[in-house]
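Asker: What follows is a structure written as structure tokens; I'll ask about it next.
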Amino acid sequence: MSGWSSLPLEVRDIILKFLTHDNKIAPYATVSKEWQSVIEKKNFGRLKLHQSCLDSLERLSEQQQGFVKHIWLNIELKTYTCRACWKMESLTSIYANQRILAEAIARLFFILASWKQNRGGLTLELNAYSPSDSEHCHTMDIGTAHPVMMPYDGHLDQLLSSFKKSSLWLKLLSKSVKKVKIFEDFNENYLELFQHSRGRNSFLNPDRVRVTQPKTGAAYAQKSLQLEDFSVAFLIDACHFFDACQPHWRWPHLRSLALTSRLMDKNNPLSIRRILEAAAQSALGMPELETLTLWNGAKGEACAFTWCRQDASISWRGTWDFKLHPSVIKHWEKVAYKYARHEFAVNEELLTQEIRSHGDAIQYLENNRG
């Protein structure tokens with residue numbers, strides 16, 4: 001009887017590809033080393049973990065570590081009762097949840113820090129939840145004519161706010177990490193629904209725009225010195241990032257930088273000018289910088305400023321009529337003269353599309369990139 005090894009390679013590949021379409025394939029890994037390698041590559045490629053699973057993550061072999069491309073850590077916080085969900089969270093509860101979150105993320109980074117560096121990159125997702133959330137949230141049909149009354153989930157808001165202020169995860173980030181991309185998502189349509197809740201329940205209404213903290217922006221600026229690619233959207237403001245940058249700072253390896261600023265809107269031309277000038281000043285200390293993008297997007301408007309080293313150009317694209325100030329052009333001309341090999345160019349473009357959300361802004365700004 002012919003064995004597995006006697007089959008043509010093409011036939012074996014077809015069998016293994018068919019086999020990996022099944023989600024319950026772990027037992028087949030014992031068939032042979034070839035099967036084990038293929039099956040483990042799929043099983044370990046994307047890991048969904050509870051904090052209780054971190055011991056198992058630490059026990060992965062070096063070969064299994066190499067298969068991991070995506071980790072989603074779902075951190076379970078304390079439960080709460082019906083009496084608590086309509087009140088501001090107690091300090092005791094806040095500190096307890098902070099400790100759970102900090103310990104879980106610290107443990108994860110300490111484990112990852114021990115892995116080999118030349119592994120081709122890793123996507124990391126962090127999520128925090130309480131088992132009580134599903135019992136207390138969205139208990140009323142928002143399609144009715146009644147005011148929308150949403151229980152206050154203050155434990156997450158305060159927890160994440162305190163965690164961001166401490167910038168703990170930045171301190172834990174290994175020096176081997178060279179690329180960081182962070183996008184804080186939100187839904188403006190949901191925020192509008194919250195505005196129906198007034199009176200004694202006005203505390204339920206979340207801020208339409210997150211108030212960013214200067215200290216957080218400064219922490220990210222410091223961390224960017226060791227990176228090659230850095231992109232943060234909405235979690236910090238570009239003005240705080242550049243305000244923290246010192247004249248003597250150098251970013252020897254930074255190739256791309258993308259930040260958002262809520263000050264970049266049609267009502268703040270002076271703020272836009274100052275941010276773009278500060279960005280140019282910092283760019284003088286970024287010898288490898290290929291692209292820099294500063295943008296903002298919200299319902300009704302969008303804009304983006306881009307520096308492209310390849311063609312020595314700066315570009316402005318926005319939904320309102322705007323001209324780059326001569327001093328901004330002068331500042332970026334110095335960057336082009338220092339690092340680019342082509343004649344400096346300035347491009348300005350008016351976007352006419354309807355912007356219904358920051359998601360639309362991202363799409364149209366990308367599609368219109370020259």
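Asker: My understanding is that a pair violates if its Cα-Cα distance is over 30 Å; which of LYS78/LYS215; LYS223/LYS338; LYS181/LYS299; LYS48/LYS178; LYS48/LYS223; LYS178/LYS299 do that in this structure?
Answerer: Listed pairs above 30 Å: LYS178/LYS299.
Asker: Relative contact order (percent) for the stretch 259-360, with alpha-carbon contacts under 8 angstrom and 6 or more residues of separation?
Answerer: 29
Asker: When the Karplus curve 6.51 cos²θ - 1.76 cosθ + 1.60 is applied with θ = phi - 60°, which whole-Hz ³J(HN,Hα) does each residue of the stretch 125-135 get, with x for Gly and Pro?
Answerer: Result, rounded to whole Hz: 10, 10, 9, 10, 8, 10, x, 7, 4, 5, 8.
Asker: Give me VAL68, VAL346 ranked fewest to most by other Cβ atoms within 10 Å of their Cβ, as a rough exposure proxy.
Answerer: Least crowded to most crowded, the residues run VAL346, VAL68.
Asker: Further question: log10 I(q)/I(0), Debye, Cα-only the stretch 250-305, no solvent, q = 0.29 Å⁻¹?
Answerer: For the stretch 250-305, the Cα-only Debye profile gives -1.15.
Asker: Please sort 321-333, 254-266 by packing, taking for each peptide the average over its residues of neighbouring beta carbons within 10 angstrom, highest first.
Answerer: Top to bottom by mean Cβ count within 10 Å: 254-266, 321-333.
Asker: Would you please give the residues with an amide H less than 5 Å from that of LYS266, counting only those at least 5 places away or on a separate chain, with H modeled from the backbone geometry?
Answerer: none
Asker: Amide H to amide H, which residues 5 or more places from PHE234 or on other chains are under 5 Å from it, using H placed in the peptide plane?
Answerer: Here THR260 satisfy the definition.
Asker: Let me ask you something else. What is the set of long-range amide H partners of ASN347 at a cut-off below 5 Å, with H atoms built 1.01 Å from backbone N?
Answerer: Long-range HN contacts for ASN347: ILE314, SER315, TRP316.
Asker: Same structure, new question: At q = 0.08, 0.14, 0.17 Å⁻¹, what log₁₀ I(q)/I(0) does a Debye calculation on the Cα points of the stretch 215-355 give, no solvent, two decimals?
Answerer: Reported log10 I(q)/I(0), two decimals: -0.19, -0.60, -0.90.
Asker: Can I ask one more? Hey, what did the stretch 204-308 get for relative contact order, percent, Cα under 8 Å, at least 6 apart?
Answerer: That works out to 25 percent.
Asker: Dimensions of the stretch 206-266 along principal axes (Cα, Å, largest first)?
Answerer: Taking the Cα atoms of the stretch 206-266, the three principal extents are 39, 22, 19 Å.
Asker: Compute the Kirkwood hydrodynamic radius of the stretch 279-354, taking the inverse of the mean of 1/r over all pairs of distinct Cα atoms, and give it in Å to one decimal.
Answerer: Evaluated over the stretch 279-354, this radius sits at 12.9 Å.
Computed from the coordinates by the stated procedures, all read-outs in this text should not be read as laboratory data. The model shown is predicted, which means the values in this text are computed figures rather than measured ones. All Cβ positions, even for glycine, are placed from backbone atoms using ideal geometry, and neighbour counts span all protein chains on display.
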